[in-house]
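*Asks:* Just passing along the structure, written as structure tokens.
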Amino acid sequence: MNILAIGAHGDDLEEFCGGTLALYRRAGHNVWMCVVTDGRGRPAGDPEQVAAIRRAEAQASADVIGAQLIWLAIPDGELMVDEPSRHKLIEAIRSTSADVIITHPPDDYHPDHNATSRLVMDAAQVARTSNYRSSLPPIRKPVPVAFMDSELGINFLPEDYVDISDVWEVKVAMLLKHRSQHMPGPAYDPDYVLPPAEQIAIVRAARILSEFRGLACGATYGEGFRWWRAANRIVARRMLP
Ligand SMILES: [Zn+2]
């Protein structure tokens, strides 16, 4: 299968579905990690340089599992539900011939997350339209859209789970590639030495959430999902690993 995971920021996919993506790869599926914004928001510094660092980190994370990176490079914090952004997502969906799409839930905390969710839902539908202005063919098959967890799991009740216990260390390895997000100071320090993983705030948050989702499905570590219930989004087989 072709798996297209779409996150707003450089480390969102790792945090909320990194284990699931690792399992898809382990099973031999194609995985694309699409990052919508360019990450220029943090750390402090020249926005173009920061964006280049974030892109390299996202690439390094994708390399951990042999996924392909799609970098849409919309300025961090400026993502809107508009036609230019939707067009980029339609092209991503068509170019990967996605069989399943994973993205943010519609009511997460950050406007970039919420806009990404809305854009993906809209793009998934328009990607079917035969005469839409694109050099890529339309996708006529049903393509399920899974919503991954919200930030800190707030206001998100999973209905489907993946046991990621076997790939927990892979998920952590992917998160650690986002070095710029683990630095205590406001500016990027190329010589910064990361502390042990357990002392890194993002890793701790991922561990607690994964343990909690795992608790619900009888696993040591888990990831939770909901499905978008709509026409053209439902298939009669399991799509998660
Ligand atoms: Zn984010």
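*Asks:* Quick one: which of Leu21, Leu89, Leu69 is out of contact with any Asp or Glu (no Cβ under 7 Å at 6 or more places or on another chain), over 26 Å from Tyr161 (Cβ atoms) and buried (at least 21 other Cβ atoms within 10 Å of the Cβ)?
*Replies:* Values: Leu21 fails: over 26 Å from Tyr161 (Cβ atoms); Leu69 fails: buried (at least 21 other Cβ atoms within 10 Å of the Cβ).
That would be Leu89, the only listed residue that is out of contact with any Asp or Glu (no Cβ under 7 Å at 6 or more places or on another chain), over 26 Å from Tyr161 (Cβ atoms) and buried (at least 21 other Cβ atoms within 10 Å of the Cβ).
*Asks:* Something else: Scan region 22-40 for residues that are under 14 Å from the mean Cα position of the chain (by Cα) and within 16 Å of the ligand (Cβ to nearest atom) and jot them down.
*Replies:* Answer for region 22-40, where residues must be under 14 Å from the mean Cα position of the chain (by Cα) and within 16 Å of the ligand (Cβ to nearest atom): Met33, Cys34, Val35, Val36, Thr37, Asp38, Gly39.
*Asks:* May I pose another question? Among the candidates Ala173, Ala206, Ala146, Ala231, single out the residue that is assigned to a loop (DSSP other than H, G, I, E, B) and of a type in the set (Gly, Ala, Ser).
*Replies:* Being assigned to a loop (DSSP other than H, G, I, E, B) and of a type in the set (Gly, Ala, Ser) holds for just one of Ala173, Ala206, Ala146, Ala231, which is Ala231.
*Asks:* Let me ask something else. Which of (1) outside any helix (DSSP H, G or I); (2) at pLDDT 95 or above; (3) over 16 Å from the mean Cα position of the chain (by Cα) is the odd one out, the single condition Pro84 does not satisfy?
*Replies:* Pro84 satisfies all of (1) outside any helix (DSSP H, G or I); (2) at pLDDT 95 or above; (3) over 16 Å from the mean Cα position of the chain (by Cα) except (1).
*Asks:* Moving on. Give region 95-130 a look and list any residue that's outside any loop (DSSP other than H, G, I, E, B), out of contact with any strand residue (DSSP E or B) (no Cβ under 7 Å at 6 or more places or on another chain) and of a type in the set (Ser, Thr, Tyr), or say none. I'd like the intermediate steps shown before the answer.
*Replies:* Kept after step one, since they are outside any loop (DSSP other than H, G, I, E, B), are these residues of region 95-130: 95-96, 100-103, 111-126.
Checking which are out of contact with any strand residue (DSSP E or B) (no Cβ under 7 Å at 6 or more places or on another chain) leaves us with 95, 111, 113-115, 118-119, 122-123, 125-126.
The answer is Ser95, and nothing else.
*Asks:* Check Lys171 against each of (1) surrounded by 15 or more Cβ atoms within 10 Å (Cβ to Cβ); (2) farther than 23 Å from Gly224 by Cα; (3) among the basic types (Lys, Arg) and name the one condition it does not meet.
*Replies:* All conditions are met except number (2).
*Asks:* Report the residue count in region 186-203 for those that are part of a helix (DSSP H, G or I) and surrounded by fewer than 14 Cβ atoms within 10 Å (Cβ to Cβ).
*Replies:* Matching residues across region 186-203 total 3.
*Asks:* Could you please give the count of residues in region 1-60 that are part of a strand (DSSP E or B) and at pLDDT 95 or above?
*Replies:* 14
*Asks:* So, one more: Given the structure, is Ala60 within 16 Å of the ligand (Cβ to nearest atom), within 15 Å of the chain's Cα centre (by Cα) and either more than 20 Å from Arg226 (Cβ to Cβ) or not acidic (Asp, Glu) (or both)?
*Replies:* no
Yes/no matrix, rows are residues, columns are (1) more than 26 Å from Val31 (Cα to Cα); (2) not β-branched (Val, Ile, Thr):
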residue: Ala187; (1), (2): yes, yes
residue: Pro190; (1), (2): yes, yes
residue: Gln199; (1), (2): yes, yes
residue: Val203; (1), (2): no, no
residue: Leu215; (1), (2): yes, yes
residue: Gly222; (1), (2): no, yes
residue: Arg226; (1), (2): no, yes
residue: Leu240; (1), (2): no, yes
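*Asks:* Scanning for something within 16 Å of the ligand (Cβ to nearest atom), hydrophobic (A, V, I, L, M, F, W, C) and at positive phi, does region 65-87 turn up at least one residue?
*Replies:* For region 65-87, residues within 16 Å of the ligand (Cβ to nearest atom), hydrophobic (A, V, I, L, M, F, W, C) and at positive phi: present.
*Asks:* For region 131-148, indicate whether the set of residues that are under 21 Å from the mean Cα position of the chain (by Cα), surrounded by 14 or more Cβ atoms within 10 Å (Cβ to Cβ) and within 16 Å of the ligand (Cβ to nearest atom) is non-empty.
*Replies:* Yes; the residues of region 131-148 include at least one that is under 21 Å from the mean Cα position of the chain (by Cα), surrounded by 14 or more Cβ atoms within 10 Å (Cβ to Cβ) and within 16 Å of the ligand (Cβ to nearest atom).
*Asks:* Taking region 107-130 as the region of interest, how many residues are within 16 Å of the ligand (Cβ to nearest atom) and within 11 Å of Ile93 (Cα to Cα)?
*Replies:* Residues in region 107-130 being within 16 Å of the ligand (Cβ to nearest atom) and within 11 Å of Ile93 (Cα to Cα): 1 in total.
*Asks:* Exactly one condition in (1) surrounded by 14 or more Cβ atoms within 10 Å (Cβ to Cβ); (2) within 18 Å of Thr116 (Cβ to Cβ); (3) not small (Gly, Ala, Ser) is false for Met183; which is it?
*Replies:* Condition not satisfied by Met183: (2).
The values are calculated or read from the model by the stated rules, or taken from the named source; none is laboratory data. Please read these numbers as outputs of a predicted model, since none were measured by experiment. We place every Cβ from the backbone using ideal geometry, glycine too, and count neighbours over all the protein chains shown.
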